[in-house]
Each structure stands twice: as structure tokens, then as C-alpha cells.
Amino acid sequence: MNKIRVSAPGKLHLLGEHVIVYNKPAILTAVDKRCFVEIVARENKKIRLASKNYKKEITVSFEDLITKFEKAQKDWESRR
């Protein structure tokens, strides 16, 4: 089974957390932490999210994920 594993460096927003959204200045700094993500194909087309740090796991269907995304998108657009 093919597997993709990626990571991104950690950062702290000292000022301007929403710099991209509001086009404002920001002060950021790197930290000595990384976020790792591993993607593995599944036969049942379910999406499993697991956190080793928090020792939690959830499994959702693709359809549920799309429904939640669409609701979040509507909520976001209604706040503009």
C-alpha cells in the first residue's frame, strides 16, 4: 500500500494571527516542533484522523466530510 508522509515546521504568531485574511502586518517566529501527516489509501473510503499526542481518533465518511465543509463554508460566507 502506498504511503505519503509530510511534515511542516512549527511557528508562533506573536502578532497578527490573521495576516492573510485582513492584509495586516505580522510577527512570526519558528519553533523547534514539527507537524507530521501520513496519508494511506483505505479500501472502505473512510477517513481516519488520529493524534498520537492527544491519543484520540475519529473516522468519518467522505460524504460526512463534504457536508461539514459545505456547512462551514456557508457559515463563513454569512459572516462577511
**Study point:** Matching residues in the stretch 12-51 - criterion: being at positive phi and charged (D, E, K, R)
**Key:** K45
Review point. Looking at (1) among the aliphatic types (A, V, I, L, M); (2) surrounded by fewer than 10 Cβ atoms within 10 Å (Cβ to Cβ); (3) touching a strand residue (DSSP E or B) at 6+ places or on another chain (Cβ under 7 Å), which is the one condition that is false for I20?
Key: (3)
Check your understanding: Checking K55 against (1) in contact with a strand residue (DSSP E or B) (Cβ under 7 Å, 6 or more places away or on another chain); (2) surrounded by fewer than 10 Cβ atoms within 10 Å (Cβ to Cβ), which single condition isn't satisfied?
Key -> (1)
Study note, to complete from the structure: In the stretch 23-41, residues that are loosely packed, with under 10 Cβ neighbours inside 10 Å and in contact with a helix residue (DSSP H, G or I) (Cβ under 8 Å, 6 or more places away or on another chain) total 1
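Okay, residues lined up against (1) in contact with an Asp or Glu (Cβ under 8 Å, 6 or more places away or on another chain); (2) more than 28 Å from I66 (Cα to Cα); (3) modelled with pLDDT under 85:
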| position | (1), (2), (3) |
| --- | --- |
| M1 | no, no, yes |
| S7 | no, no, no |
| L12 | no, yes, no |
| G16 | no, yes, yes |
| I20 | no, no, yes |
| N23 | no, yes, yes |
| V40 | no, no, no |
Review point. Only one of (1) loosely packed, with under 10 Cβ neighbours inside 10 Å; (2) in contact with a strand residue (DSSP E or B) (Cβ under 6 Å, 6 or more places away or on another chain) is not met by N44, so which one is it?
Key: (2)
Review point. When you go through (1) of a type outside the set (S, T, Y); (2) part of a loop (DSSP other than H, G, I, E, B); (3) closer than 30 Å to R80 by Cα; (4) in the same structural domain as R80 (by TED's automatic domain parsing) one by one for V60, which number turns out not to apply?
Key: (2)
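Hey, among the residues in the stretch 39-57 that are in a loop (DSSP other than H, G, I, E, B) and basic (K, R), which one's nearest to N2 (Cα to Cα)?
Residue satisfying both the conditions and the ranking: R42.
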Exercise for review: Return a yes/no flag: does the stretch 63-74 have any residue that is surrounded by 10 or more Cβ atoms within 10 Å (Cβ to Cβ) and in a strand (DSSP E or B).
Suggested key: no
Review point. Going through the stretch 1-28 one residue at a time, which ones are in contact with a His (Cβ under 9 Å, 6 or more places away or on another chain) and in a strand (DSSP E or B)?
Key: I27, L28
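The values are calculated or read from the model by the stated rules, or taken from the named source; none is laboratory data. These figures come from a predicted structure and were not determined experimentally. Glycine gets a Cβ as well: all are built from the backbone with ideal geometry, and neighbour counts include every protein chain shown.
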